[in-house]
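Below is one structure, written out as structure tokens, with a few remarks after it.
The values are calculated or read from the model by the stated rules, or taken from the named source; none is laboratory data. If you're wondering where the values come from, they're calculated on a predicted model, not measured in any experiment. Because the Cβ atoms are built from the backbone with ideal geometry, glycine has one as well, and the counts that use them run over all protein chains shown. Accessible surface areas use protein heavy atoms only, side chains included; no ligands, DNA or RNA. Shrake-Rupley method; radii C 1.70, N 1.55, O 1.52, S 1.80 Å.
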Amino acid sequence: MNRNKLLQFLQDNKRQYTPIEQRIVAKGSQAALYLYDPIVGDRLTAEWWGGICPQDFVPALRSLDADEITIYTNCPGGDVFAAEAMCQALREHKANITMQIEGYAASAATAIACACDEVVATQASKYMIHQTWTVAMGNADDFDQVAELLRKCDGTMYDAYEQRTGQKRDQIEAWCKAETWFTAAEAVSAGFVDRVLGVDAKASGKALRGWNLSAYANAPKDPWQGPQDNEQTAEPKTEQPPENTTQYITEDHRARQQQRLRLMTRI
């Protein structure tokens with residue numbers, strides 16, 4: 001891959017920032033929260049790339065006085081530490097919290113899923129787990145420290161997946177190392193999702209937005225997305241104009257002009 005995966009992921013999916021107030025709908029004892037953007041570390045990053053950050057998410061969630069909260073999700077992933085801050089706010093909330101996946105729950109979005117009381121998914125949804133990414137710069141010792149931190153982040157996610165699914169550690173690690181994309185039914189079988197919604201279940205309608213997932217190694221084709229950068233698309237052939245072979249000045253004239261310029265530079 002030519003570009004850093006994280007930067008490619010954000011650049012490919014850059015879109016307009018949506019304030020947290022527009023993501024929440026509360027009525028009586030029920031509330032809905034829409035997780036339809038990458039998870040990023042702070043508001044400045046969210047405003048630049050378009051995303052959701054714990055700086056906005058956590059206070060907004062804690063202000064909800066609801067008994068039932070549904071998190072409608074079509075999220076391609078994001079910052080693992082930001083996701084953990086959001087997860088803790090979910091764990092601490094009194095409400096029964098359900099994640100409804102109606103698109104993608106990929107990468108860091110699966111951490112959010114593990115912090116919910118129930119996870120459901122539409123039949124065409126996808127659930128992806130993989131090893132942690134990062135951006136790094138420095139010497140060999142610096143990179144050793146970064147690699148150690150990444151392994152610790154992986155270990156934390158493996159713990160959450162084990163607790164959620166009951167699967168053996170070796171199986172969780174194998175899935176993550178392979179960057180595994182589960183269908184909704186496969187995610188149920190693996191224990192990540194509790195049930196698949198029926199075909200007559202009503203989706204929120206806001207999830208129909210595509211993601212460019214080319215930063216991932218094994219991403220499925222997004223049905224709402226056009227051709228990827230690495231796909232060959234036929235371009236219409238256009239008739240090229242005939243090459244202009246007219247010589248406006250002779251080589252002898254060009255040589256004399258260059259000689260005059262050299263003499264002028266010496267004056």
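Got a number for residues in segment 13-46 being modelled with pLDDT under 90 and open to solvent by 70 Å² or more (accessible area, probe 1.4 Å)?
Result for segment 13-46: 4.
Trp175: under 30 Å from Val199 (Cβ atoms), open to solvent by less than 50 Å² (accessible area, probe 1.4 Å) and in a helix (DSSP H, G or I), yes or no?
Details: under 30 Å from Val199 (Cβ atoms): yes; open to solvent by less than 50 Å² (accessible area, probe 1.4 Å): yes; in a helix (DSSP H, G or I): yes.
So Trp175 passes the test.
Which one is least open to solvent (accessible area, probe 1.4 Å), of the residues in segment 130-139 that are closer than 19 Å to Thr180 by Cβ and free of Cβ contacts under 8 Å to residues at least 60 places away in the same chain? Show your work before the answer.
Of segment 130-139, the ones closer than 19 Å to Thr180 by Cβ are 130-133.
Filter again for free of Cβ contacts under 8 Å to residues at least 60 places away in the same chain, leaving 131-132.
Values: Gln131: 66, Thr132: 32 Å².
Restricting to residues being closer than 19 Å to Thr180 by Cβ and free of Cβ contacts under 8 Å to residues at least 60 places away in the same chain, the top hit is Thr132.
Kindly indicate which of Ala105, Ala109 is touching a Cys at 6+ places or on another chain (Cβ under 8 Å), closer than 30 Å to Ala60 by Cα, without any contact (Cβ under 8 Å) to a residue 60 or more places away in the chain and buried (at least 18 other Cβ atoms within 10 Å of the Cβ).
Ala105
Which numbered condition in (1) within 27 Å of Tyr36 (Cβ to Cβ); (2) β-branched (Val, Ile, Thr); (3) at pLDDT below 95 is the only one that Val146 fails?
That leaves (1) as the condition not met.
Residues to consider are Asp170, Asp142, Asp154; find the one that is outside any strand (DSSP E or B) and open to solvent by 70 Å² or more (accessible area, probe 1.4 Å). Give the steps one after another, and end with the answer.
Numbers: Asp142 fails: open to solvent by 70 Å² or more (accessible area, probe 1.4 Å); Asp154 fails: open to solvent by 70 Å² or more (accessible area, probe 1.4 Å).
Exactly one of Asp170, Asp142, Asp154 is outside any strand (DSSP E or B) and open to solvent by 70 Å² or more (accessible area, probe 1.4 Å), namely Asp170.
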